[in-house]
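Shown next, in structure tokens, is the structure this report addresses.
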Amino acid sequence: MKSWLSRGIKHLLVLSLLLPILAGCAQGIDVNEQYPLESVSGSGSEASYVYRAADRSVTDVAQELIERKTPKERSEPSEERMFLVYSDEIVQVQQDPERPQDALIEVSTIAYARNNYSPSFLEAYIIASVIGDLFDHGRYGGNYRGYGSKGSYAPKQTYRTATADDKKMAPPMTVNRSGSIFRRSADADASASGTSGSTSSNAPPSTGSSGKIVRSGSDSDVSADKKKSVITKPKKSKVPKITKRTGKIGRRR
């Protein structure tokens, strides 16, 4: 009974240690694992990261992010712009004005969104109760509307091109490529060893000259004019002979 109780207590202790770790791993949607980093604004707890989803629509990218992690609030489906609100960040997926075939994913911390985004702009996408909690009922807010419109509505934190250190923190998207593996045929092996008359596909073009393979015999069997074109096969090495000897072993007195 005591052993069963002690094992149960140990299991509870292990779960109590693992749950905070798993909860920390669940935060964030890890956009940097799939999409390349475009630019960065701010730093630390007040930062915004922009990623590019090439040849992807806004609704497709937003649905993919929702399936990875369910947001607290999300805007209606739109091919122009969508918002996903999480407990620790706000994600805006918008169509790139300069490249309409691409979608831009802007992941902003709550502090960055609170100090830069325009509350009146978000009212068209997010319910009023969420906006009130986010901006502390009008205490915070800016005129920012997203990376695609930063020329007209610049954020308080100026955007900059992603540096090498930024890209190390957010590695670029991995591209899956496919190819073919060709198995070498027996004819190609014979051609490479000189036992076949055909040539391999990687061999240089033939010059038209031919040679003769001589297994044994002296140089006198071959004319002097053809010595240069003769390919002699090296003689097989003979196994050395082993001589058996007998003797007696005498005991020393």
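The values are calculated or read from the model by the stated rules, or taken from the named source; none is laboratory data. Quick caveat, the model's predicted, so the values are computed rather than measured. Reconstructed Cβ throughout: ideal geometry from the backbone, glycine too, with neighbour counts over all protein chains shown. Quick note on the areas: whole protein, heavy atoms, side chains included, nothing else; ligands and nucleic acids left out. Shrake-Rupley method; radii C 1.70, N 1.55, O 1.52, S 1.80 Å.
Miscellaneous remarks
- Whether the range 45-95 is rounded, prolate or oblate, judged on the alpha carbon gyration tensor where a/c under 1.5 counts as rounded: oblate
- A crude spin-label estimate for the pair Glu76 and Ala111, with each label 7 Å from Cα along the Cβ direction, gives 3.5 nm.
- With DNA, RNA and ligands ignored, accessible area of Ser120 (1.4 Å probe; Å², nearest 10): 80
- Sequence of Lys156, Lys69 from largest to smallest accessible area, 1.4 Å probe: Lys156, Lys69
- With all protein chains modelled, accessible area of Tyr153 [1.4 Å, Å²]: 80
- Once the 1.4 Å probe is applied to the protein heavy atoms, the range 28-100 comes out at 47 Å² accessible per residue.
- Projected label points at Thr163 and Ser57, each 7 Å from Cα along the beta carbon direction, are separated by 4.0 nanometres.
- For Asp136, the solvent-accessible surface with a 1.4 Å probe is about 60 Å², rounded to the nearest 10.
- All-pairs alpha carbon distance profile, the range 77-136, 10 Å steps from 0, percent: 21, 55, 22, 2
- Order of exposure, largest accessible area first, which applies to Lys72, Lys167 with probe 1.4 Å: Lys72, Lys167
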